[in-house]
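Quick notes on the structure that follows.
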Amino acid sequence: MSNRSSIQFFEEKIQDLKSKGTYKELPVLQGANDAEILLNGKKVINLCSNNYLGLVNHPKVKKASIEAIEKYGVGASSARNIIANTDLYEKMESLLAEFKREEAVLVSQSGFNCNIGTIPAITEKGDLIISDELNHASIIDGIRLSKADKKIYDHLDMDSLEKILKENRKNYKKTLIITDSVFSMDGDIAPLPEIVELAKQYDAMTYVDDAHGTGILGEGGRGTVDYFGLNGQVDFTMGTLSKAIPVIGGYIAGSKAMKEWLLRNARPILFSTCIPPAAIGAVIKITELMMDSTEQVDKLWENTNYFKEKLSGLGFNIGNSKTPIIPVIIGEEDKAVDFSNKLLENRVLASSIIFPVVPRGTGRVRCIVTAEHTKEQLDKCIEVFTKVGKEMDIL
Ligand SMILES: *Cc1c(COP(=O)(O)O)cnc(C)c1O
């Protein structure tokens with residue numbers, strides 16, 4: 001028993017969530033985050049994982065990971081620039097740079113860490129950061145840590161972006177335009193060619209968070225910058241090693257000079273231990289697999305197109321999705337939670353996403369299709385969506 005005074009504070013906050021109907025129990029996963037999973041003892045089809053290419057449980061990847069442990073041990077035991085800069089780490093970065101068709105890549109501990117470490121290291125007082133209103137939390141926090149000023153433009157709205165540039169550019173030394181490439185709640189894509197064009201016109205730098213683009217868009221999954229043919233034209237392309245590459249870590253791709261600077265200035269690089277050998281071994285193997293064959297990326301798109309056609313054919317509102325992230329927009333918050341719960345009763349796991357993560361009244365269940373789903377599994381999901389949709393008067 002404890003009589004810490006903080007407990008009452010938490011209990012009230014939790015009670016508040018419960019009374020709003022937005023309290024969610026954490027599911028307990030009993031195995032790998034595959035297309036079908038064991039959840040609280042039940043077999044369930046999984047539409048929640050970011051394991052886009054189905055590589056999280058791949059035998060060759062696991063073998064590479066184990067081999068890295070055998071040679072390098074289980075942990076890095078140091079920050080990168082003290083004594084954790086292994087040959088394996090450097091191999092991973094040069095392979096990723098080759099894959100991303102960029103001069104250099106710098107890997108840090110996670111995508112979140114990469115954004116909160118990089119943004120304050122590349123901007124300073126007297127600079128301006130211009131950010132899409134729906135950018136990821138890690139970008140928002142990275143901007144908070146920067147001494148630069150910030151302005152927010154309307155989601156994907158180039159007129160709104162240009163207006164800010166026109167009115168403010170002359171008042172600042174450097175200006176950085178920052179955007180997610182693929183937005184994780186809607187699956188829509190930022191108009192990077194227009195953003196790069198505006199950046200040239202107004203002498204601004206560009207920063208693209210490609211967490212949900214790499215492994216999905218572009219040739220063989222090289223990402224959104226490659227998809228638009230903009231290689232070498234975006235100053236900073238951030239990516240994660242935790243989604244389509246389903247391990248752990250984040251990276252920033254760009255110039256060699258950028259890497260030189262960040263290695264000596266990004267605080268998570270300086271003050272936090274780097275990712276373990278097991279992760280590095282797995283990332284190297286996965287990058288090699290992606291460079292050898294586009295089979296997994298092709299399968300991902302085949303499944304995505306199939307599932308989307310079925311959902312919209314039924315009359316579900318899937319918003320402006322252009323990627324394997326498919327929101328099924330329900331509306332009211334408690335209805336979206338209810339919809340997700342009913343799916344799960346029928347052994348389909350699709351997470352409800354509600355205010356404040358998305359705007360009020362746009363509660364949804366978010367589906368993520370992977371390369372690993374079979375036609376049978378997707379058909380089963382469609383059957384359950386139809387049943388629950390009718391039960392709840394959504395269809
Ligand atoms: C997931 C995500 C991140 C964070 O990446 P992690 O490697 O999971 O820390 C950053 N940005 C976006 C857009 C993301 O979706």
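The values are calculated or read from the model by the stated rules, or taken from the named source; none is laboratory data. What you see is a predicted model, and the numbers here were worked out from it, not measured in a lab. Note that each Cβ is placed from the backbone with ideal geometry, even for glycine, and that neighbours are counted across all protein chains shown.
Checking the conditions here, which among Val337, Val297, Val283 is among the aliphatic types (A, V, I, L, M), more than 19 Å from Ala211 (Cα to Cα) and touching a residue at least 12 places away in the same chain (Cβ under 8 Å)?
On the way: Val297 fails: more than 19 Å from Ala211 (Cα to Cα); Val283 fails: more than 19 Å from Ala211 (Cα to Cα).
Step by step, each of Val337, Val297, Val283 is checked, and only Val337 is among the aliphatic types (A, V, I, L, M), more than 19 Å from Ala211 (Cα to Cα) and touching a residue at least 12 places away in the same chain (Cβ under 8 Å).
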So which residues in region 243-277 are surrounded by fewer than 16 Cβ atoms within 10 Å (Cβ to Cβ), touching a strand residue (DSSP E or B) at 6+ places or on another chain (Cβ under 8 Å), more than 16 Å from Ser78 (Cβ to Cβ) and not polar (S, T, N, Q), if there are any at all?
-> Lys256
Flag for Asn303 being at pLDDT below 95 and within 20 Å of Ile216 (Cβ to Cβ) | no
Members of region 84-107 found to be in contact (Cβ under 8 Å) with a residue 60 or more places away in the chain, closer than 21 Å to Gly232 by Cα and of a type in the set (Gly, Ala, Ser), listed by number = Ala97, Ala104
Residues satisfying the stated conditions in region 71-124, i.e. more than 16 Å from the ligand (Cβ to nearest atom), buried (at least 20 other Cβ atoms within 10 Å of the Cβ) and either in a loop (DSSP other than H, G, I, E, B) or modelled with pLDDT under 95 (or both) = Ala76, Arg80, Glu102, Thr123
Are there any strands (runs of 3 or more DSSP E) wholly within region 279-395 with 3 or more residues that are of a type outside the set (Ser, Thr, Tyr), in contact with a strand residue (DSSP E or B) (Cβ under 6 Å, 6 or more places away or on another chain) and buried (at least 22 other Cβ atoms within 10 Å of the Cβ), and if so which?
-> 325-331, 363-368
Out of the residues in region 177-205 that are away from the ligand (no atom under 16 Å from the Cβ) and under 23 Å from the mean Cα position of the chain (by Cα), which is surrounded by the fewest Cβ atoms within 10 Å (Cβ to Cβ)?
-> Pro193
Tell me, please, whether a residue that is within 16 Å of the ligand (Cβ to nearest atom), more than 19 Å from Glu345 (Cβ to Cβ) and either within 27 Å of the chain's Cα centre (by Cα) or of a type in the set (A, V, I, L, M, F, W, C) (or both) can be found in region 8-26.
-> no
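With respect to Ser160, is the statement that it is small (Gly, Ala, Ser), within 14 Å of the ligand (Cβ to nearest atom) and under 29 Å from Asn317 (Cα atoms) true? Steps first, please.
Numbers: small (Gly, Ala, Ser): yes; within 14 Å of the ligand (Cβ to nearest atom): no; under 29 Å from Asn317 (Cα atoms): yes.
The answer is no for Ser160.
In region 136-157, which residue that is hydroxyl-bearing (Ser, Thr, Tyr) and more than 16 Å from the ligand (Cβ to nearest atom) is farthest from Ala204 (Cα to Cα)?
Checking each candidate, the answer is Ser146.
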Taking region 238-261 and keeping only residues that are of a type outside the set (A, V, I, L, M, F, W, C) and either within 11 Å of the ligand (Cβ to nearest atom) or farther than 15 Å from Val225 by Cβ (or both), one is left with Gly239, Thr240, Ser242, Lys243, Pro246, Gly249, Gly250, Tyr251, Lys256, Lys259, Glu260
Do you know which residues across region 1-35 are aliphatic (A, V, I, L, M) and part of a helix (DSSP H, G or I)?
-> Ile7, Ile14, Leu17
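In region 125-135, how many residues are without any contact (Cβ under 8 Å) to a residue 40 or more places away in the chain and more than 16 Å from the ligand (Cβ to nearest atom)? Step through it out loud before you land on a result.
The first filter runs over region 125-135 and keeps only residues without any contact (Cβ under 8 Å) to a residue 40 or more places away in the chain, leaving 125, 133.
Subset that is more than 16 Å from the ligand (Cβ to nearest atom): 125.
So the count comes out to 1.
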List every residue pair whose Cβ atoms sit under 6 Å apart, with the two residues 6 or more apart in sequence or on different chains, where the first one lies in region 148-163 and is farther than 13 Å from Ile177 by Cβ and the second, anywhere, is of a type in the set (A, V, I, L, M) and crowded, with 16+ Cβ neighbours inside 10 Å.
-> Asp149/Leu128; His155/Leu134
Could you tell me which of the residues Ser49, Ser19 is without any contact (Cβ under 8 Å) to a residue 40 or more places away in the chain and hydroxyl-bearing (Ser, Thr, Tyr)?
-> Ser19
Residue hits (region 188-243; of a type in the set (D, E, K, R) and either assigned to a loop (DSSP other than H, G, I, E, B) or touching a helix residue (DSSP H, G or I) at 6+ places or on another chain (Cβ under 7 Å) (or both)) are Asp188, Glu194, Asp203, Asp209, Asp210, Glu219, Arg222, Asp226, Asp235, Lys243
